[in-house]
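Trainee: Pasting a structure here, questions to come.
The values are calculated or read from the model by the stated rules, or taken from the named source; none is laboratory data. This structure is a prediction, so every number in the text was calculated from the model and none was measured. With ideal geometry, Cβ positions are generated from the backbone for all residues, glycine too; neighbour counts draw on all protein chains shown. Note: areas computed on protein heavy atoms with side chains; ligands, DNA, RNA excluded. Shrake-Rupley method; radii C 1.70, N 1.55, O 1.52, S 1.80 Å.
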Amino acid sequence: MSRTGQKPLDIPRGVEVQIESRRVAVKGPKGTLSLNLPLKIGVAVENGAVLVSREDQSREAKSCHGLIRTLIRNMCLGVSEGFVKVLELHGVGFNAEVRGDLLSMNLAFASPVEFSVPEGVTVTVDGGTVVTVSGMDNQKVGDVAAKIRSFFPVEPYKGKGIRYRGENVRRKVGKKVA
């Protein structure tokens, strides 16, 4: 039995959870998110809490039980508080700026790297070297942050590149001349 899936999920204030056949919709102050349920998973709202159950003991139902509860929890947090990922640019001449829905970054390449920000995600730049990605969908925020980071991942010799705030980068020793 999934320990995560068994726990009732308390609904935060100002958040409304609606269940329509195989679809869960969560509405809150920041917007609305929805999720299609797998066939063997059931969801019910009782006494201000969301209960996730599985219809049988099949492998598919067991594997989805805790996942669906966590996805609904992330939807509730997203529409009430939102999610934020902070990226830092380290390197000489590395900087970024936002123009409309376009993020332009100078990353030691011949021309700037431009990234079109998708709908539902907000990107801001502080001081030219701190990029903040925020939104109500945890998966979209993580995908956009990972895509931005993939343009120049941190290299282990000098530590240059784009990293998450608080990320520990293992440094390597360079070649030694004898």
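Trainee: Look at T70 and say whether it is closer than 30 Å to I11 by Cβ, in contact (Cβ under 8 Å) with a residue 12 or more places away in the chain, out of contact with any Phe, Trp or Tyr (no Cβ under 6 Å at 6 or more places or on another chain) and open to solvent by 70 Å² or more (accessible area, probe 1.4 Å).
Mentor: no
Trainee: Which residue out of G100, G120 is over 18 Å from Y164 (Cα atoms), open to solvent by less than 80 Å² (accessible area, probe 1.4 Å) and in contact with a helix residue (DSSP H, G or I) (Cβ under 9 Å, 6 or more places away or on another chain)?
Mentor: Only one candidate passes the filter, namely G120.
Trainee: On to the next question. Search the range 162-178 for residues that are under 22 Å from G93 (Cα atoms) and pair each with any residue that is among the aromatic types (F, W, Y) and modelled with pLDDT of 90 or more when their beta-carbon atoms are under 6 Å apart and the residues are at least 6 apart or on different chains.
Mentor: I162/F152
Trainee: Also, I was wondering about something else. Can you report the number of residues in the range 18-37 which are open to solvent by less than 40 Å² (accessible area, probe 1.4 Å) and either free of Cβ contacts under 8 Å to residues at least 24 places away in the same chain or aliphatic (A, V, I, L, M) (or both)?
Mentor: 6
Trainee: Against the definition (within 21 Å of the chain's Cα centre (by Cα) and surrounded by 15 or more Cβ atoms within 10 Å (Cβ to Cβ)), how does V15 come out, yes or no?
Mentor: yes
Trainee: Do we have any residue at all in the range 108-124 that's under 23 Å from G78 (Cβ atoms), of a type in the set (A, V, I, L, M) and in contact with an Asp or Glu (Cβ under 6 Å, 6 or more places away or on another chain)?
Mentor: Checked against the condition, which is being under 23 Å from G78 (Cβ atoms), of a type in the set (A, V, I, L, M) and in contact with an Asp or Glu (Cβ under 6 Å, 6 or more places away or on another chain), the range 108-124 yields at least one hit.
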